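Below is one structure, written out as C-alpha cells; the observations come after it.
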C-alpha cells in the first residue's frame, strides 16, 4: 500500500480518462471532470495519459503517504499542504513515508487532482478505474481506505510553463457546437440563448450543471430518447439549460440546443455556483483542431 | 431513409426514423453491428436508442467529414440482407403481487381489470428492447398493450427495490438495482440484473426480445424473494 486515507469529508474519488466504450450498455462516460488539470498532473510525472488520479472536490481531505514516491497536484487551489505547510502545485513533488497530504478549503476552483508516479492501482471496472456513484461503480474515498500505485522505473519530471496554469476566477465563455436539435430552435430563441448571461446554480455536480437565466421556448418539450454526448446542453421543460457532464446517463429525452466543447467543460468544472457564463458558437473544424492539438501534446490516443 | 447530424466534437447521431417503431430496433442493431465491424479502427462506442444510433469516434485519426462519408458508404449498403445480428429472447420470471407491485392495486382499479387479466396482458406478449440507458442494464421494452399503459408517477419514488418491474406510458422495464424512479411498479423479479455480476452488461441488446412469465407467491418466496 502506498497511501492511506485519514480524512475525506466531501467527495474524493478515483478517476481516470473515463469509461468511453460502454454507452451501449447504458453506462456513463465517467472520468475526470477537468481534463486539463488531470492531463497536466499525469504529464508532470511522465505518467500515461489515462492513469488514475484522485479527484478532490472542495477539499476536506487528508492522506498519509506510506512509501517514498513522487506526486503532482493540479487543478483547484484547495490549500494543499504537506505536513501542514503550503506545498507547490502544478509541479512534481517528492514525498516520503509518513508525510501527511492535506486539502482544506477552496480558495480558487473546485476540483484538485492528485497524481502519483505510475498511477493509482485500483480495481479496473468495465475498462476504467473511474468511480461512478450514481451507477454504484466503486465508492468514494473514506477514512481507512488504502491505495496502492503502479510500479515505475524512471524518475522523470516535466515542468509546466506558467502561462498554462489557469486562473479559475476568470470569466468563461462556453463554446457550443450547433449539434442535435440546434436548428429546431427558432432564431429568436437562439438569440436569447447566446445573448444572455447564465448563472451556475447549486444543482451542479458530476452528472450535470443546471443554469439559471431567462427561459427559452421549444416547440416540443420531450422527444424520443437518444444517445447523449459529453457536454450536450439539454433545455428542460422549464426552458433552462442543463449541461450534461461525465456522470450523465447515456441516453436522454430532452431537446438539446448544442454540445459544449470539451476543453471549455474543463474550465466549467472549476467554477463555483453563482458564476456567470455565456455561450458562443463554435464550428466542428475548430473544435477538432483544438482538441487534436491537446491530445497530441498529452499523447492522448483516443 | 436516414439522416446524420452532429452530436459533439467526436460524435454523430444517425436517425433511422422520427417516431418509435417496432421495426427500427432490429435495423439499428444490424447497422450498429455492421458499422462496428467495418469502422472498428476509428469507432469508440455506439449507442442505439429507439430511432437513432449515437456513434463516437477517434478524432485523432479521422475528421468529422471523413467519418461521415465512411458512415454514409456503410449506410448505402443493404444491411438487411446480411445476417449480422441475431436477436435473443430473454425470459424473466415475475411475481405480480400487491406486496411487491407497489402500484398494482391502483392500476387494477384504474384499468378496471382483475389481477389475472392484468397479468395475462402484461406477460402474454414479447417485448422488444428499444434502448438501454438511464442506468446500466436498464432496458426500455415496448410496446405495452394499450389496456395497461399508464403515465409516469407525478412524483418519482426515492427508492425502488432492485428487480422491480414497471410501466411508463407504452414502455415496460426492470430496475436492475435499487434506484429512484417514476415508473408504475407492478411486480418483481429475482433475476439479478445488477453489475454485481459483470456479465450482465451484455444481458440485453437493442433488438432483443423479452418475455415475462408469472410466478406464484410461493415460487417467489421459495426462490429467496422477500415480501
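Tabulated data
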{"read-out": "Between 0 and 90°, nearest 10: helix B:64-76 axis offset from chain B longest Cα axis", "value": "70 degrees"}
{"read-out": "For segment B:81-154 versus segment A:199-241, the gap between their alpha-carbon centres in whole angstrom", "value": "29 Å"}
{"read-out": "Length added when fully stretched, residue A:163-residue A:220, from 0.36 nm per residue minus Cα-Cα", "value": "16.0 nm"}
{"read-out": "Choice from A:140, A:289, A:107 with maximal GNM fluctuation in chain A (Cα, 10 Å cutoff)", "value": "A:289"}
{"read-out": "Sites residue B:217 and residue B:113 - FRET efficiency at Förster radius 22 Å, r taken between beta-carbons, to 0.05", "value": "0.70"}
{"read-out": "Orientation-averaged projected area, Cα convex hull of segment A:163-259 (nm²)", "value": "6.8 nm²"}
{"read-out": "Within a Gaussian network of chain B (alpha carbon springs, distance under 10 Å), most fluctuating of B:133, B:142, B:163", "value": "B:133"}
{"read-out": "Nitroxide proxy distance, nm - points 7 Å out along Cα→Cβ at residue A:170 and residue B:69", "value": "3.7 nm"}
{"read-out": "Crossing angle, helix B:24-38 versus chain B [Cα axis fit, 0-90 degrees, rounded to tens]", "value": "40 degrees"}
{"read-out": "Simple label model, 7 Å out from Cα along Cβ direction - residue B:149 to residue A:285, nm", "value": "4.6 nm"}
{"read-out": "Candidates A:234, A:280, A:155, ranked by Gaussian network fluctuation over chain A, Cα under 10 Å, top entry", "value": "A:155"}
{"read-out": "Sorted by Cβ neighbour density within 10 Å, fewest at the top, the residues A:82, B:129", "value": "A:82, B:129"}
{"read-out": "Quotient of Cα Rg and 2.2 N^0.38 Å for chain B, N being how many residues it contains", "value": "1.13"}
{"read-out": "Cα pair count fraction exceeding 33 Å, expressed as % - the protein assembly as shown", "value": "45 percent"}
{"read-out": "In degrees, nearest ten, helix A:35-44 long axis to first principal axis of chain A (Cα)", "value": "20 degrees"}
{"read-out": "Virtual spin-label span in nm between residue A:108 and residue B:41, 7 Å along Cα→Cβ", "value": "4.6 nm"}
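Every number in this text was worked out from the coordinates using simple rules, so none of it is lab data. Predicted model only: the values in this text are computed from it and were never measured. All Cβ positions, even for glycine, are placed from backbone atoms using ideal geometry, and neighbour counts span all protein chains on display.
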